[in-house]
Ligand SMILES: [Zn+2]
């Protein structure tokens, strides 16, 4: 096993599986304070998505991330009256969705890319 594969393997172990009822019904996985919780094992793209959030949270020192995330969601929700649409407009989600398929993204990502 290469060093890189080894790293990916051990990172996979950082996903904590939780029960469905602990999540909102429209969510499958969530990243909180660098820990990833999911109702089922994540595929590499989904895992990358949550890891992008982990990087965003870390560079905003966690609590400001959730505040900013919440404010943006509310702003877009009041604009569109559509929770799903508001969610996809949040800058953190845009960055995560735009780059989740690029599994090398976190190695080359610039800090505060979503600004
Ligand atoms: Zn996301």
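Quick note: the coordinates plus some simple rules give every number you see, no bench work behind them. Quick caveat: nothing in here was measured; it's all calculated off a predicted structure.
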Name the shape class, rounded, prolate or oblate, that the alpha-carbon gyration tensor gives for the stretch 3-108, where a ≥ b ≥ c are the square roots of its eigenvalues, rounded holds for a/c under 1.5, and otherwise prolate holds if a/b is larger than b/c and oblate otherwise. prolate
Give the relative contact order (percent, whole number) for the chain; include only Cα pairs under 8 Å separated by 6+ residues. 21 percent
C-alpha long axis of helix 44-59 to longest principal axis of the chain, angle in °: 70 degrees
Please determine, in degrees from 0 to 90 and to the nearest 10, the orientation of helix 63-80 with respect to the longest principal axis defined by the Cα atoms of the chain, where the helix direction is its Cα long axis. 50 degrees
Stretched out fully, how many nm does the piece from residue 30 to residue 78 gain, at 0.36 nm a residue minus the Cα gap? 15.0 nm
